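Down below is the structure, laid out as structure tokens.
The values are calculated or read from the model by the stated rules, or taken from the named source; none is laboratory data. Worth saying up front: this structure is predicted, and the values here are computed from it rather than measured. When we count neighbours, we look across all protein chains shown, and the Cβ atoms used for this are built from the backbone with ideal geometry, even at glycine. Just so you know, the surface numbers come from the protein's heavy atoms only, side chains and all, with ligands and any DNA or RNA stripped out. Shrake-Rupley method; radii C 1.70, N 1.55, O 1.52, S 1.80 Å.
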Amino acid sequence: MKKPMVLFLMIAALYAAGQDTAGLHKKAMRIHQKAILVDTHNDIISNELITHLDPGKLQATGNFDLVRAREGGLDAQVFSIWCGEEYGNGRAFAFANREIDSLDAFIKRYPSQIALVRNSKELKRAVSDHKLAAMIGVEGGHMIEDRLDYIDSLHKRGMCYLTLTWNNSTSWATSARDENRKVNPPAHKGLTDFGRDVVKRLNELGVMIDLSHPGEQTFYDVLAITKKPIIASHSCAYALDPNLRNLKDDQLKALANNGGVVFVNFYSSFLDSTYARKSQAFLRAHRAAMDSLMKIYNDQDLANIRLNAIFRAESDQLRPPLSLLIKHIDYIAKLIGTDHVGIGSDFDGAESYPLGMNDVRDYPKITEALLQLGYSKSDIDKILGGNFLRVLKANTGK
């Protein structure tokens, strides 16, 4: 074959590949725009109390604001209400309410753009009104301070799920961190009698039970007694990254048998088994800068987020590829079915996410990647938000 003909065929092949890519992108965007996109975990409210930035306006830092959320096609966001284990009885419940007050104030500042919703019916109404549907997830059972009436109070304020523990155990449920401790292990593992009363009350109120942070024994104790489908609001596949916060295959199968959903976390450490080691080396190299940032923020997570932003060229080298996030979604979908996987980014709660997944504007990349893997529009709709709507309705009855 003569060289001009070879060159012509090469150019034609490249043109055809470009056309295919453009067509795939357009199809993905159509699917993305028509789907109801729900993210079950974002920490911006906790950060706002420290940074005082307004998430209603376009921000140069962080992963979420209303402007970028619209660009990314985000329809519903569960905002995490969180405080650390240093907030014990007498302080944790009050701090949770302070954060809910902050969310309420945010919504009141932008009533035409965002609305608090409590069930799938209200969520769909907000979407039809072109508003972001805001929901409340309380991340840590220590915030109920061993009182069932505090569950009632948080439910009245809009709590749609309660994460039974954060990294710290409560007196009635053990966390994944503590169940795996070799030194000073917990006196008991799993739920106590009061813990079982908590599960019962959450079922009665229609509050989803979130098992992202609790340990395996707590996980299975809950599944043995719950009458409603459970969720894992921000976890990944242990088989791909053996992080104690991720779910093992047997847990994923048990969750699916319960009718529940695992919402995949975007945090690099839960996706990539090599990230933690690289991150520790990065922190050691920049200890002085980290110490200075701690004096400013007095918060380990925020200081680490800022450190990674300051040394962006270096920290980007630690980030896993976007394909690894997609691999976790695909692995779970293939193991337990597309009815049981969703999106729980953990945006604004971590210092590192996959390359190309920088903020809420980047959700469409997930849709396109799933379409490229051969997922149908119906399955993509489920993963983006349909599964959340199903499990929410199964809990609330609406």
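If you go through the stretch 151-168 and keep only what is open to solvent by 40 Å² or more (accessible area, probe 1.4 Å), over 15 Å from residue 85 (Cα atoms) and either aromatic (Phe, Trp, Tyr) or assigned to a loop (DSSP other than H, G, I, E, B) (or both), you end up with just 157.
Looking at the stretch 292-344, the helices (runs of 4 or more DSSP H) lying wholly inside it that each contain 1 or more residues that are touching a residue at least 40 places away in the same chain (Cβ under 8 Å) sit at 300-310, 322-336. Within the stretch 146-158, the set of residues being farther than 20 Å from residue 90 by Cβ and touching a strand residue (DSSP E or B) at 6+ places or on another chain (Cβ under 8 Å) comprises 158 only. If we scan the stretch 283-291, do we find a residue that is in contact with a Phe, Trp or Tyr (Cβ under 9 Å, 6 or more places away or on another chain), assigned to a helix (DSSP H, G or I) and open to solvent by less than 10 Å² (accessible area, probe 1.4 Å)? No, the conditions are met nowhere in the stretch 283-291. Scanning the stretch 253-266 for residues that are surrounded by fewer than 24 Cβ atoms within 10 Å (Cβ to Cβ) and either touching a His at 6+ places or on another chain (Cβ under 9 Å) or without any contact (Cβ under 8 Å) to a residue 60 or more places away in the chain (or both) returns 254, 256, 257, 258, 259.
Under the condition of being out of contact with any strand residue (DSSP E or B) (no Cβ under 8 Å at 6 or more places or on another chain), more than 24 Å from residue 356 (Cβ to Cβ) and open to solvent by 20 Å² or more (accessible area, probe 1.4 Å), the residues counted in the stretch 71-96 number 10. From the list 240, 322, the lone residue that is closer than 24 Å to residue 61 by Cβ and at pLDDT 95 or above is 322.
Test residue 106 against the stated conditions and say whether it is open to solvent by 20 Å² or more (accessible area, probe 1.4 Å), more than 20 Å from the chain's Cα centre (by Cα) and among the aromatic types (Phe, Trp, Tyr). Criteria not met by residue 106. Just one of the numbered conditions (1) open to solvent by less than 40 Å² (accessible area, probe 1.4 Å); (2) under 17 Å from residue 74 (Cα atoms) is not true of residue 368: (1).
Restricting attention to the stretch 32-70 and to residues that are among the acidic types (Asp, Glu) and surrounded by 15 or more Cβ atoms within 10 Å (Cβ to Cβ), the residue that is nearest to the chain's Cα centre (by Cα) turns out to be 39. In this entry, residue 394 is excluded by the filter for residues that are more than 15 Å from the chain's Cα centre (by Cα), within 19 Å of residue 24 (Cβ to Cβ) and in a helix (DSSP H, G or I). Only a single item in (1) more than 21 Å from residue 348 (Cα to Cα); (2) open to solvent by 70 Å² or more (accessible area, probe 1.4 Å); (3) touching a helix residue (DSSP H, G or I) at 6+ places or on another chain (Cβ under 7 Å) is not met by residue 121, and it is number (3). Only one of the numbered conditions (1) within 14 Å of residue 148 (Cα to Cα); (2) hydroxyl-bearing (Ser, Thr, Tyr); (3) crowded, with 18+ Cβ neighbours inside 10 Å is violated by residue 171, and that is (3).
Taking the condition buried (at least 16 other Cβ atoms within 10 Å of the Cβ), small (Gly, Ala, Ser), modelled with pLDDT of 95 or more and outside any helix (DSSP H, G or I), does residue 133 pass? Taking the combined requirement at face value, the residue satisfies it.
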